[in-house]
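J.: Below are the structure tokens for one structure; questions will follow.
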Amino acid sequence: MDRVITAELLDSDQGTPQEISTSLADIHRINEWFGGVATGVGMMRQVARMTGGSSFSYLESAAGSGDSARSMCHRLERDGIHLQLTLLDRAG
């Protein structure tokens with residue numbers, strides 16, 4: 001199979017609102033299923049342990065809809081770790 005290079009839907013300001021919404025939902029599912037959220041949670045738990053802190057600022061660029069960062073935030077709240085989220089993206 002030959003590789004076909006095309007512009008990414010979310011980076012090209014093309015696509016219908018439904019296509020963009022579906023793409024963002026797909027990205028969130030991939031992050032949930034393949035460990036992106038769990039990895040981020042684990043890293044923030046380690047930072048909290050190492051610093052003794054419980055409240056942190058968290059900046060995510062290319063955040064899409066922000067679902068993954070919000071999932072991290074909810075999971076960490078159960079451990080008493082609070083994230084103040086700042087999410088940046090062109091889409092979402």
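J.: Please list the radius of gyration and Dmax for the chain, considering alpha-carbon atoms only, with Å as the unit.
T.: Final numbers for Rg and Dmax: 15.7, 51 Å.
J.: Right, here's the next one. Only loop residues by DSSP count here, and only those with at most 16 other Cβ atoms within 10 Å; note down the GluC sites (Glu not before Pro) in the stretch 1-75 that meet that.
T.: Numbers: sites: Glu8, Glu19, Glu32, Glu60; in loops: Glu8.
Sites meeting the loop and neighbour criteria: Glu8.
J.: With 10 angstrom as the radius, rank Ser61, Ser21 by how many other C-beta atoms surround their C-beta, starting from the fewest.
T.: Ser61, Ser21
J.: Next question, about the same structure. How much mean residue ellipticity at 222 nm does the chain get from its helices, if each DSSP H run of length 4 or more adds -39500 (n - 2.57) and you divide by all residues, to the nearest 500 deg cm²/dmol?
T.: Here the helix-only value at 222 nm equals -15500 deg cm²/dmol.
J.: Using amide H atoms built in the peptide plane, which far-off residues or other-chain residues are under 5 Å from His82 H to H?
T.: Placed amide hydrogens put Ser55, Phe56 under 5 Å from His82.
J.: On to the next question. Can you list which of the chymotrypsin sites (Phe, Trp or Tyr not before Pro) found in the stretch 6-92 are DSSP loop residues with at most 15 other C-beta atoms within 10 Å?
T.: Numbers: sites: Trp33, Phe34, Phe56, Tyr58; in loops: Phe34.
In loop regions of the stretch 6-92 (DSSP not H, G, I, E or B), the sparsely surrounded chymotrypsin sites (Phe, Trp or Tyr not before Pro) are Phe34.
J.: Related question: Apply the Karplus parameterisation 6.51 cos²θ - 1.76 cosθ + 1.60, with θ equal to phi minus 60°, to every residue of the stretch 41-48 and state each ³J(HN,Hα) to the nearest whole Hz, in sequence, with x for glycine and proline.
T.: Karplus values, whole Hz, x for Gly and Pro: 4, x, 5, 5, 4, 5, 4, 4.
J.: Treat each spin label as a single point 7 Å out from the Cα along the C-beta direction, and report the Arg29 to Arg3 distance in nm.
T.: Result for the modelled spin labels: 2.6 nm.
Taken together, the values in this text are just the output of simple stated rules run on the coordinates, not laboratory data. Note that the structure is predicted; figures quoted are calculated from it, not measured. When we count neighbours, we look across all protein chains shown, and the Cβ atoms used for this are built from the backbone with ideal geometry, even at glycine.
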